[in-house]
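J.: Below is the structure I would like to discuss, written out as structure tokens.
The values are calculated or read from the model by the stated rules, or taken from the named source; none is laboratory data. Given the structure is predicted, the values throughout are model-derived calculations rather than measurements. Counting neighbours? That spans all protein chains shown, and the Cβs are built from the backbone with ideal geometry, glycine included.
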Amino acid sequence: MEILLMGTGASDGIPALYGDSRVSRHAMECGGKDVRTRASALIDGKLKIDFGPDTLAQCIQHRLDPRAWETVVFTHSHEDHFAVSELQYSMIPFTTNEFCPYAILGNAAIVAKISDRYPDWPIENVETRSFQTYRAGAYEITPISSYHMIEEDSQNLIISDGLVKILYATDTGVWREHTWEFLAGVKLDALVIECTDGFVKSDYFGHMDIAQCVSTVSRLRDLGVLSSDAPVVTTHHSHLGNATHYELEAELGKHGIAVGFDGFRLKL
Ligand SMILES: [Zn+2]
Ligand SMILES: [Zn+2]
């Protein structure tokens, strides 16, 4: 399995669209790994995770062909992950496709928003619920409940190709106990985890700072869900976390956690 992090930024990206933070200014000046588009990922060039407003730019940047995508699975309906208007470009009149070329998996809010936007379009929507398993081509996807948008079933995603199993956990918050109980029976080969708030403690429950990210990873290792040598990589970084890529590496590296960047590839 190969995981490509197409984007690793939080909702307003880095440099943020209207951001004048130290981290945004640094990214604008230095470029490179400090520039982060909105979080999304791609498994084996076929299974797309989230479809945000930077998808076109990411396809150009990483030289990707969306015609190869077989499934698009959404984590939740926040607009940095779910740019519903972009889905139209896969079908007539923009292409010759009479049907949406990929199945779409998402929670009830996602399915409802797609149906509202495209009431008569031939799109295969599969409604997902946390802690149930769905087949998508060669993959099994098991969403687990994140603590992020309590008004919908916001999800992190366990993805298996039969050989390896990963957890993609963006927009996670600190999991509630029922999620921990489910995870106790899972063995992961790799983890992608958010570290949105960096060095800054936030009042919002739905994201994690460095301390929370480290403590979540430690608990997963203690439980045996993650072996000590299973790769862990971060995503969904906000400029408001007041941490440059280098500063994140210096801190998270002490805990065996790699810092993701746009274009990061993990082969398992
Ligand atoms: Zn987000
Ligand atoms: Zn979100």
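J.: I'd like the residue in the range 147-182 that is touching a residue at least 24 places away in the same chain (Cβ under 8 Å) and of a type in the set (Gly, Ala, Ser) and, out of all such residues, is nearest to Val232 (Cα to Cα).
T.: Only one residue fits best here, namely Ala169.
J.: With respect to His178, is the statement that it is within 26 Å of Arg36 (Cβ to Cβ) and of a type outside the set (Asp, Glu) true?
T.: Numbers: within 26 Å of Arg36 (Cβ to Cβ): no; of a type outside the set (Asp, Glu): yes.
No: the conditions fail for His178.
J.: Return the residues of the range 189-219 that are out of contact with any Pro (no Cβ under 7 Å at 6 or more places or on another chain), of a type in the set (A, V, I, L, M) and in contact (Cβ under 8 Å) with a residue 40 or more places away in the chain; say none if nothing qualifies.
T.: We begin by selecting, within the range 189-219, every residue out of contact with any Pro (no Cβ under 7 Å at 6 or more places or on another chain); these are 189, 191-219.
Now drop any that are not of a type in the set (A, V, I, L, M), which leaves 191-193, 200, 208, 210-211, 214, 217.
Within the range 189-219, Leu191, Val192, Ile193, Val200, Ile210, Val214, Val217 meet the criteria.
J.: Of all strands (runs of 3 or more DSSP E) completely enclosed by the range 1-111, which ones contain at least 2 residues that are away from ligand 1 (no atom under 15 Å from the Cβ) and not β-branched (Val, Ile, Thr)? Talk me through it step by step, then tell me what you get.
T.: Working: elements: 2-7, 40-43, 47-49, 71-73, 103-106.
Result: 2-7, 47-49, 103-106.
J.: For the range 248-262, indicate whether the set of residues that are assigned to a strand (DSSP E or B), aromatic (Phe, Trp, Tyr) and crowded, with 19+ Cβ neighbours inside 10 Å is non-empty. Explain how you work it out, then say what you get.
T.: Our first condition is that a residue be assigned to a strand (DSSP E or B); within the range 248-262, this holds for 258.
From what's left, aromatic (Phe, Trp, Tyr): none.
No, the conditions are met nowhere in the range 248-262.
J.: Still on this structure, I have one more. Only one residue in Val84, Val73, Val111 is modelled with pLDDT of 95 or more, out of contact with any helix residue (DSSP H, G or I) (no Cβ under 7 Å at 6 or more places or on another chain) and either within 16 Å of ligand 2 (Cβ to nearest atom) or of a type in the set (Ser, Thr, Tyr) (or both), so which one is that? Spell out how you get there, then give the answer.
T.: Details: Val84 fails: out of contact with any helix residue (DSSP H, G or I) (no Cβ under 7 Å at 6 or more places or on another chain); Val111 fails: either within 16 Å of ligand 2 (Cβ to nearest atom) or of a type in the set (Ser, Thr, Tyr) (or both).
After applying the criteria, what remains is Val73.
J.: List the number of the failed condition for Val200; all other conditions in (1) over 25 Å from Thr133 (Cα atoms); (2) within 16 Å of ligand 2 (Cβ to nearest atom); (3) in contact with a Gly (Cβ under 6 Å, 6 or more places away or on another chain) hold.
T.: (2)
J.: Can you name every residue in the range 159-198 that is hydroxyl-bearing (Ser, Thr, Tyr) and within 30 Å of Arg22 (Cβ to Cβ)?
T.: Filtering the range 159-198 down to residues hydroxyl-bearing (Ser, Thr, Tyr) leaves 160, 168, 170, 172, 179, 196.
Those that are hydroxyl-bearing (Ser, Thr, Tyr) and within 30 Å of Arg22 (Cβ to Cβ): Tyr168, Thr170, Thr172, Thr196.
J.: Also, I was wondering about something else. Would you say Gly19 is surrounded by fewer than 19 Cβ atoms within 10 Å (Cβ to Cβ) and on the phi > 0 side of the Ramachandran plot? Working first, answer last.
T.: Working: surrounded by fewer than 19 Cβ atoms within 10 Å (Cβ to Cβ): yes; on the phi > 0 side of the Ramachandran plot: no.
No, not satisfied.
J.: Within the range 213-238, work out how many residues are within 16 Å of ligand 1 (Cβ to nearest atom) and in a helix (DSSP H, G or I).
T.: Here is the first cut: in the range 213-238, the residues within 16 Å of ligand 1 (Cβ to nearest atom) are 213, 234-238.
Within this subset, residues satisfying the condition of being in a helix (DSSP H, G or I) are 213.
Total satisfying the criteria: 1.
J.: What single numbered condition from (1) within 16 Å of ligand 1 (Cβ to nearest atom); (2) within 16 Å of the chain's Cα centre (by Cα) fails to hold for Ile141?
T.: Looking at each condition in turn, Ile141 falls short on (1).
Yes/no per residue for (1) surrounded by 13 or more Cβ atoms within 10 Å (Cβ to Cβ); (2) farther than 27 Å from Glu249 by Cβ; (3) within 16 Å of the chain's Cα centre (by Cα); (4) hydroxyl-bearing (Ser, Thr, Tyr):
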| position | (1), (2), (3), (4) |
| --- | --- |
| Ala41 | yes, no, yes, no |
| Asp65 | no, yes, no, no |
| Leu87 | yes, yes, no, no |
| Phe94 | no, yes, no, no |
| Ala103 | yes, yes, no, no |
| Ser115 | yes, yes, no, yes |
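J.: Shifting gears a bit: Failed condition for Val200, given (1) under 20 Å from the mean Cα position of the chain (by Cα); (2) assigned to a loop (DSSP other than H, G, I, E, B), with all others met?
T.: (1)
J.: Here's another thing I want to ask about it. Within the range 1-13, how many residues turn out to be buried (at least 18 other Cβ atoms within 10 Å of the Cβ) and either within 16 Å of ligand 2 (Cβ to nearest atom) or among the aromatic types (Phe, Trp, Tyr) (or both)? Outline the logic, then answer.
T.: Initially, the range 1-13 is screened for residues buried (at least 18 other Cβ atoms within 10 Å of the Cβ), giving 1, 3-11, 13.
Then keep just the ones that are either within 16 Å of ligand 2 (Cβ to nearest atom) or among the aromatic types (Phe, Trp, Tyr) (or both); that gives 7-11, 13.
Number of matching residues: 6.
J.: Just checking, how many residues over the range 117-136 are exposed (fewer than 13 other Cβ atoms within 10 Å of the Cβ) and either closer than 21 Å to Gly45 by Cβ or modelled with pLDDT of 95 or more (or both)?
T.: To start, the set of residues in the range 117-136 that are exposed (fewer than 13 other Cβ atoms within 10 Å of the Cβ) comprises 119-120, 122, 124, 129, 132-133, 135.
Next cut, either closer than 21 Å to Gly45 by Cβ or modelled with pLDDT of 95 or more (or both) only: 124, 129, 132-133, 135.
Final tally of qualifying residues: 5.
J.: Can you tell me which residues in the range 112-136 are in a loop (DSSP other than H, G, I, E, B) and not polar (S, T, N, Q)?
T.: So the first thing to find is which residues in the range 112-136 are in a loop (DSSP other than H, G, I, E, B), and the list is 118-124, 128-133.
Across the range 112-136, the qualifying residues are Tyr118, Pro119, Asp120, Trp121, Pro122, Ile123, Glu124, Arg129, Phe131.
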